[in-house]
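Have a look at the structure below, then the notes.
The values are calculated or read from the model by the stated rules, or taken from the named source; none is laboratory data. The structure displayed is predicted, hence computed values, not measured ones. Counting neighbours? That spans all protein chains shown, and the Cβs are built from the backbone with ideal geometry, glycine included. Ligands, DNA and RNA are stripped out before the accessible areas are found, and what is left, the full protein with its side chains, is counted by its heavy atoms. Shrake-Rupley method; radii C 1.70, N 1.55, O 1.52, S 1.80 Å.
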Amino acid sequence: MSKPTVAVVFGGRSSEHGVSCVTAGGVLGAIDRERWDVVAVGITREGRWTPASTDPADWRIVDGAMPTVAASDEVVVPPFEAGSRLWRVAGPDGLRELGEIDVVFPLLHGPWGEDGTIQGALELADVRYVGSGVLASAMGMDKQYMKTAFREAGLPVARDVVVSPHRGIEDQRLEIEALGLPVFVKPARAGSSMGISKVSSWSALEAAVADAQKHDPKVLIEAAVVGREVETAVLATAGGLLTSPAGEIITGGDHEFYDFEAKYLDEAAVTLLCPTTLEGAVAATVADYAKRAFRAVGAESLARVDVFVKPDGGVVVNEINTMPGFTPTSMYPRMAAAAGITYPELIETLLAVALDRPVGLR
Ligand SMILES: Nc1ncnc2c1ncn2[C@@H]1O[C@H](COP(=O)(O)OP(=O)(O)OP(=O)(O)O)[C@@H](O)[C@H]1O
Ligand SMILES: [Mg+2]
């Protein structure tokens, strides 16, 4: 009997290229090869799609160095034609077939992956894929519109002012200062805490905004929330939306917040607690907000919802990630494990749900 074919797509142009390759290693090692034929497509840092190894051993961290997708003279050519499932490879010797792809697992974080762009390309050919569709992915990437959707759903979020090329700091000075110090300055569409700074004096605001603008011309200036950083895994199954027990991130060392260095370079300074302990009513609110945030942006399959739990027990939603970190030791799989779902079971659920989904309007 023929098995469905899954294309695992990873690497990519974002700063999270290496993390994505490690994730691919984890996923390639856990997909049930009795149930699925597997094809691997690596995207180089420059954005070239290439045929890649399906051997998990090729995507391990070696001597502290992250794996990367190597340059290649072969290019994977996914179809753009509606209903076409045949993927090809163009190389120096012409075209060859890569295979008929039934479902794509895009293991990509950040821009050109988690933001609706690859989802749009796959929609053109009616290709099924794991994760959220175009609009939910784009909203999950754009903190301004993500928060608009959350507010509309009645979820508490931090107050903010948006600075854009059409509306600068000076146009909104009063509103900005009304936020009170400190504030967090963030690029609207970035990730991994890139370009984010905590500003504790108004004299440092211009420089912080300029720094964020290196990542995105649109920047959010946000009131700081004092609280614990708590996360929830949301998983769509045939039986409905599941929420996991909450996990918690405790950032120590000299990091004022969960910044880029703490996330990737100074892991010793960070403790991931999973599951964490929350008072019963707070745990219920966190789970409820996670589901409501998922629905507010129209997410599908999976998402990680990050909140702050204030000392008085109040919960403020920070963000939703539609393709959360997904290595076997990342928070999302760990939270799923706390809910009784193993890493291979998680992958099987995501692929099965994606394969079952009708193509077309979503
Ligand atoms: N309003 C805020 N109050 C307190 N701390 C904040 C606030 N906004 C951000 N932070 C801190 O900065 C970190 C990164 O912010 P945020 O999660 O918004 O961006 P990001 O992680 O880069 O986005 P993404 O997860 O989409 O990649 C948070 O984990 C938190 O430590
Ligand atoms: Mg975050």
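Solvent-accessible surface of the range 5-129, averaged per residue with a 1.4 angstrom probe and all protein chains in place: 43 square angstrom.
Residues Met66, Met331, ordered by accessible area of protein heavy atoms at a 1.4 angstrom probe radius and largest first, appear as Met66, Met331. The shape of the range 137-273 comes out oblate: with a ≥ b ≥ c from the C-alpha gyration tensor, a/c is at least 1.5 while a/b does not beat b/c.
Loop-located GluC sites (Glu not before Pro) across the range 188-294 with a Cβ neighbour count of 12 or fewer within 10 Å are Glu256, Glu279, with loop assigned by DSSP. Solvent exposure of Ile250, expressed as accessible area, is near 70 Å², computed with a probe of 1.4 Å over the protein chains only.
Between helix 280-296 and the chain there is an angle of about 60 degrees, using the helix long axis and the longest principal axis of the Cα atoms. For the chain, the pair-distance distribution built from all alpha carbon pairs, in bins 10 Å wide starting at 0, is 5, 24, 34, 24, 11, 2, 0 percent. A Stokes-Einstein calculation at 4 °C with viscosity 1.567 mPa s, built on the Kirkwood radius of the range 5-129 over Cα pairs, returns a diffusion coefficient of 89 µm²/s. Classify the range 240-293 as rounded, prolate or oblate, taking a ≥ b ≥ c as the square roots of the eigenvalues of its Cα gyration tensor: rounded when a/c is under 1.5, otherwise prolate if a/b is larger than b/c and oblate if not. The shape class here is prolate. Of the solvent-accessible surface of the chain, computed with a 1.4 Å probe and all protein chains present, 53% belongs to carbon and sulfur.
Remark on the range 271-329: hydrodynamic radius 12.5 angstrom, per the Kirkwood mean of 1/r across alpha carbon pairs.
Restricting the trypsin sites (Lys or Arg not before Pro) of the range 22-76 to loop positions (DSSP other than H, G, I, E, B) with no more than 11 neighbouring Cβ atoms within 10 Å leaves Arg33. Sparsely packed loop sites in the range 14-67 (the GluC sites (Glu not before Pro) outside DSSP H, G, I, E and B with at most 12 other Cβ atoms within 10 Å) comprise Glu34, Glu46.
Taking 4 °C and 1.567 mPa s as the conditions, I'd like the Stokes-Einstein D for the range 130-201 in µm²/s, using the Kirkwood hydrodynamic radius from alpha carbon pairs. This corresponds to a translational diffusion coefficient of 94 µm²/s. Distance from a point 7 Å along Cα→Cβ of Lys310 to each backbone N in the range 153-195: keep the residues under 18 Å and list them by number. Taking a point 7 Å out along Cα→Cβ of Lys310, the residues of the range 153-195 whose backbone N falls under 18 Å are 154-161, 178-184. A 1.4 Å probe run over the protein chains yields, for the range 160-223, 45 Å² of accessible area per residue, whole-number rounding.
Protein heavy-atom accessible surface, 1.4 Å probe, per residue over the range 247-362: 44 Å².
The length gained on full extension between Thr271 and Asp63, counted as 0.36 nm times the residue separation minus their Cα-Cα distance, comes to 72.6 nm. Convex hull volume of the C-alpha atoms in the range 160-223, normalised per residue: 66 Å³. When the C-alpha to C-alpha distance is required to be over 24 Å, the pairs from Lys214/Lys291; Lys198/Lys263; Lys3/Lys291 that qualify are Lys214/Lys291; Lys3/Lys291. Any idea how far the Cα center of the range 124-176 sits from the one of the range 304-362, in Å? Rounded to whole Å, the Cα centres lie 20 Å apart.
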